[in-house]
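Taking it in order: structure first as structure tokens, then the write-up.
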Ligand SMILES: Cc1cc2nc3c(=O)[nH]c(=O)nc-3n(C[C@H](O)[C@H](O)[C@H](O)COP(=O)(O)OP(=O)(O)OC[C@H]3O[C@@H](n4cnc5c(N)ncnc54)[C@H](O)[C@@H]3O)c2cc1C
């Protein structure tokens, strides 16, 4: 307790609140509160303008379930907004406290609770890379993770993410068998723990922490594979996309498959001549058992393998792992070099027609750079784009989105909005709102992030 508290909302006696949080690690210093009220929303100039002034009144760092219970009860007694934060790597201001109040930092809740064949149970704040390292001691591995896995937590992935590296092989988080069990703490005067099993976890998945604090989760593991990180180069982007489609052959065991056009090359400086400016790249992680077939397929499509090695081998050569060249790391690589870019997320109609991307290449010129990730969802192959868009103001960004949605069955997942529904989901998830009535009856959790919650739903308990 080292700094003066911010000016409190009229009805809140912050000294009394702090007294009730006694025994917990409470952060009041303005610089730390600011830092712990941000995520990667800065990818979006629109969100940057909207969110940069949003700051928690207090940050509470919790280490145990009892800490969460105490903080949740205090939030309920004082009717304070409470926003869970873990790695803070979400892109849409997901853990930004729009109305101030308490930010509940769960990063110290990171213990492994149980590990057996095919499953691992961990506290929600555990970082995914750490979980994977533990699983690998038993010859197993996480089924999927975001490229931010060195920092991102499993709870944040479930509450804020959708899938990622590994989704080409195992589907998305929502798919059956990936999420096995979760325990969730309610926010009310006497917080309770609710256990969710199997499909019940959908109630808190991608709910942005609006309906309960996830305490611990059990997720499925698969036998570990020492993936070969490959880069395959093509003279045309169409060639890269056609190879991406051909590599969906189920006979090939592939963990990651992404295409990135040549204009990203200057941003991938550590790739050096392995991704030259006149070639388009396919970044993949391939099972050693599939490498012979993979090489043959690449050659048949006119591709040249410029990188093939384990992650350790690539790092030893100063090359990035394939997963740091794909998904939203593409945007990060570009923004590191030039902050004049922003991005868009697109889901393409299936079966994927590369002509749609060729049309966008011709139409948008140097304003939009192409990159596609292939993944399985609900048992089907899907194609998703994270496109780099030159920032020319909100109207231009809107015009690009409208144009993309106007043809070819493309669906935009707008990354410039803060609500679950305006972003990817499009509709209110009634089961998540029903669960919120049980888990957050006063509507205190991460307010402003779901359009489905209406003030009249709040109950004082
Ligand atoms: C470069 C880059 C690449 C990315 N790639 C991917 C990707 O491939 N796939 C993907 O899905 N995402 C991706 N993301 C988004 C993000 O990194 C992941 O979703 C990540 O798993 C979020 O975890 P976190 O711990 O950082 O969560 P945070 O950002 O801290 O939180 C995310 C949301 O979850 C809530 N939350 C966190 N912990 C809990 C909890 N214990 N209980 C309840 N609610 C909680 C927060 O309130 C917030 O709404 C990427 C982001 C970046 C910047």
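This table checks each residue for (1) in contact with a helix residue (DSSP H, G or I) (Cβ under 7 Å, 6 or more places away or on another chain); (2) closer than 17 Å to residue 147 by Cβ.
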position: 233; (1), (2): no, no
position: 252; (1), (2): yes, no
position: 264; (1), (2): yes, yes
position: 278; (1), (2): yes, no
position: 287; (1), (2): no, no
position: 293; (1), (2): no, no
position: 313; (1), (2): no, no
position: 317; (1), (2): no, no
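Looking at residue 445, is it without any contact (Cβ under 8 Å) to a residue 60 or more places away in the chain and on the phi < 0 side of the Ramachandran plot? Answer is no for this residue. Is it true that residue 206 is within 11 Å of the ligand (Cβ to nearest atom) and under 19 Å from residue 439 (Cα atoms)? So residue 206 fits the description; yes. In the condition set (1) crowded, with 23+ Cβ neighbours inside 10 Å; (2) assigned to a strand (DSSP E or B); (3) more than 11 Å from the ligand (Cβ to nearest atom), residue 181 is compliant with all but (1). Residues that are more than 24 Å from residue 377 (Cα to Cα) and surrounded by 24 or more Cβ atoms within 10 Å (Cβ to Cβ) occur at least once in region 187-200. Of all the strands (runs of 3 or more DSSP E) wholly in region 68-155, which have at least 1 residues that are crowded, with 19+ Cβ neighbours inside 10 Å, within 11 Å of the ligand (Cβ to nearest atom) and at pLDDT 95 or above? The qualifying strands (runs of 3 or more DSSP E) are 82-85, 102-105, 119-123.
Filtered by the rule that a residue be at positive phi and part of a strand (DSSP E or B), region 185-241 gives no residues. Would you call residue 55 modelled with pLDDT of 95 or more, away from the ligand (no atom under 12 Å from the Cβ), surrounded by 20 or more Cβ atoms within 10 Å (Cβ to Cβ) and outside the structural domain of residue 210 (by TED's automatic domain parsing)? Considered against the rule, which asks whether it is modelled with pLDDT of 95 or more, away from the ligand (no atom under 12 Å from the Cβ), surrounded by 20 or more Cβ atoms within 10 Å (Cβ to Cβ) and outside the structural domain of residue 210 (by TED's automatic domain parsing), residue 55 comes out as no.
The values are calculated or read from the model by the stated rules, or taken from the named source; none is laboratory data. Being a predicted model, the structure only gives us computed values, none of them experimental. Reconstructed Cβ throughout: ideal geometry from the backbone, glycine too, with neighbour counts over all protein chains shown.
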